[in-house]
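Please read the structure below before turning to the comments.
The values are calculated or read from the model by the stated rules, or taken from the named source; none is laboratory data. Computed from a prediction, not measured in an experiment: that's the story for all the values here. Here the Cβ positions follow ideal geometry from the backbone for every residue, glycine too, while neighbour counts run over all protein chains shown. Calculation scope for accessible area: heavy atoms of the full protein, side chains included, ligands and nucleic acids excluded. Shrake-Rupley method; radii C 1.70, N 1.55, O 1.52, S 1.80 Å.
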Amino acid sequence: MRPLIAGNWKMHGLAQQLGEIGAVATAVETTAPSADILICLPATLIDRAAQIVRGRIAIGGEDCSAEEAGAFTGDISVEMLKDAGASAVIVGHSERRHYHGETDAIVSAKAKAASRAGLLTIICIGETKSQRAHNETLSVCDAQLAGSMPDGMTLTATAIAHEPLWAIGTGQIPTSEEIVAVHARIRRRLLARFGEDGRLVRILYGGSIKPDNAHEILALPEVDGGLIGGASLLACDFEAIIRTVSAGH
Ligand code: PGA
């Protein structure tokens with residue numbers, strides 16, 4: 001499976017940072033890495049970023065509405081993301097779940113809308129520190145996966161991002177064994193639900209991936225790429241991570 005390396009800029013980035021995206025696109029064009037490269041951006045930057053990268057890498061949104069259009073002040077539909085030049089979107093990031101009260105049902109509706117519009121859809125799941133301490137990681141991930149991934153998704157254009165909440169932005173990462181255990185479980189659930197087609201879904205790891213740990217994490221079994229926050233903001237870091245994938249696959 002061709003890995004997916006996805007950046008998530010979160011609420012960072014003004015026009016002056018667009019040069020970082022241009023630099024990543026140029027590096028990808030020159031080195032032709034053996035991975036799909038995506039940068040998910042604040043909606044305000046998508047149009048300009050898409051014009052800069054001209055298809056050399058993919059540009060995505062960080063969230064979307066489940067609605068197509070209507071009286072939803074401040075919300076952005078998947079059609080609007082596409083219109084701006086996005087070909088992907090993240091749904092259910094833990095920061096959306098936490099700060100905006102997004103439930104599995106809301107995330108599932110957003111994923112359905114994204115898939116309907118033909119966007120590559122990254123559905124995020126992940127356990128808290130206390131859930132891990134109480135040995136609930138696998139059951140929490142099972143429940144989130146079942147509740148956040150609707151039927152009818154285009155499986156080749158769907159990725160599940162396992163992001164332990166306690167690993168996001170903290171510099172802490174699970175052990176390789178812990179990552180493998182969760183990813184193997186996610187794959188088993190996908191196979192149980194979709195049969196052999198469950199293999200078409202990419203399973204990403206996210207949480208404190210950096211240039212110095214990327215190679216080890218991204219080479220683990222059932223890790224089909226990464227969702228990268230902080231280390232996607234600077235082209236030099238993001239490019240270093242992309243290079244580790246090319247070296248490892
Ligand atoms: P991080 O964020 O790489 O900064 O830990 C990952 C994410 O939240 O997607």
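The table below lists the values:
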read-out	value
For residue 42, net neighbour charge (Lys/Arg +1, Asp/Glu -1) across residues whose Cβ lies under 15 Å away	-3
Accessible surface of the stretch 15-150, 1.4 Å probe, proportion on carbon and sulfur as whole %	53
Gain in span if fully extended, residue 199 to residue 134, counting 0.36 nm per residue against the direct Cα distance	20.5 nm
Descending principal axes extents, the stretch 1-144, alpha-carbon based, whole Å	46, 39, 29
Diffusion coefficient, µm² s⁻¹, Stokes-Einstein with Kirkwood Rh over alpha-carbon pairs of the stretch 108-190 at 37 °C and 0.692 mPa s	245
Quarter of Cα convex hull surface for the chain, i.e. mean projection, nm²	12.1
Separation between Cα centres of the stretch 56-115 and the stretch 160-212, rounded to whole Å	21
Cross-link pairs 112/210; 82/112; 10/112; 129/210 - those with Cα-Cα distance over 24 Å	112/210
Estimated dipole of the stretch 1-73 in Debye, rounded to 20 [Cβ of Lys and Arg +1, of Asp and Glu -1, Cα centre]	280
